[in-house]
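For reference, the structure is listed below as structure tokens.
What follows draws every value from the coordinates through simple rules; no lab data is involved. Please read all numbers here as calculations on a predicted model, not as lab measurements. Virtual Cβ from ideal backbone geometry, glycine too; neighbours counted across all protein chains shown.
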Amino acid sequence: MTMRVLLQLSRVITAVVLAWLCLPALAQNATVVVGGADRYVLSRHAAWLEDAGGKLGIADVEQADAQARFKPVAQNGPGANFGLTRSAIWLRVRLQVQMPAQAATTGATPGEWLVEIAYPPLDRVDLYSPAPGGGWVQQSGGDSLPFASRAIAHRNHVMAVHLNPGANTLYLRLKSD
């Protein structure tokens with residue numbers, strides 16, 4: 001092989017390796033575009049953070065150092081599985097809410113959506129959604145709380161969130177003992 005061919009080959013290999021190394025970062029920043037469908041599987045687009053001590057709050061998770069530790073969720077089936085752990089698991093889902101074309105003529109707004117966590121045995125589920133004036137709205141559920149305390153009576157953990165047009169981020173804190 002000539003030096004020219006070797007140089008071109010090394011450039012191609014370098015480009016492939018760089019693209020491969022960037023895949024986790026791209027998956028971590030994946031955004032779900034919400035607007036036209038009535039149902040989305042969010043776990044395929046989530047990033048997760050293990051909180052081994054179970055001490056992190058939403059303010060801690062928002063910090064840059066914690067954000068950098070979120071990893072893409074590896075998923076082989078319809079849902080995510082983190083195995084048996086005493087750690088708290090934080091999930092982050094970024095949403096880009098777009099209005100369907102017909103909304104411009106009807107004046108519809110994105111409004112209320114339901115987030116369903118389809119694993120009833122979770123002891124504690126905390127959902128953090130953006131508050132209208134900034135900050136977070138926290139909703140709590142899980143089988144450690146009385147069923148009557150659920151805003152939506154359902155066998156799974158179901159919580160309503162209001163999504164505004166544009167960027168929205170949801171955080172879920174999951175914990176079981």
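So the values come out like this:
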| item | result |
| --- | --- |
| Projected label distance in nm at residue 167 and residue 150, using a 7 Å step from Cα toward the beta-carbon | 3.4 |
| Calculated FRET value between residue 119 and residue 63, using beta carbons and R₀ = 45 Å, to 0.05 | 0.95 |
| Net charge, residue 42 excluded, C-beta distance under 12 Å - Lys, Arg +1, Asp, Glu -1 | +3 |
| Derived scalar couplings ³J(HN,Hα) [the range 86-97; Karplus, 6.51 cos²θ - 1.76 cosθ + 1.60; whole Hz; x for Gly, Pro] | 8, 6, 7, 10, 9, 10, 10, 10, 9, 10, 10, 8 |
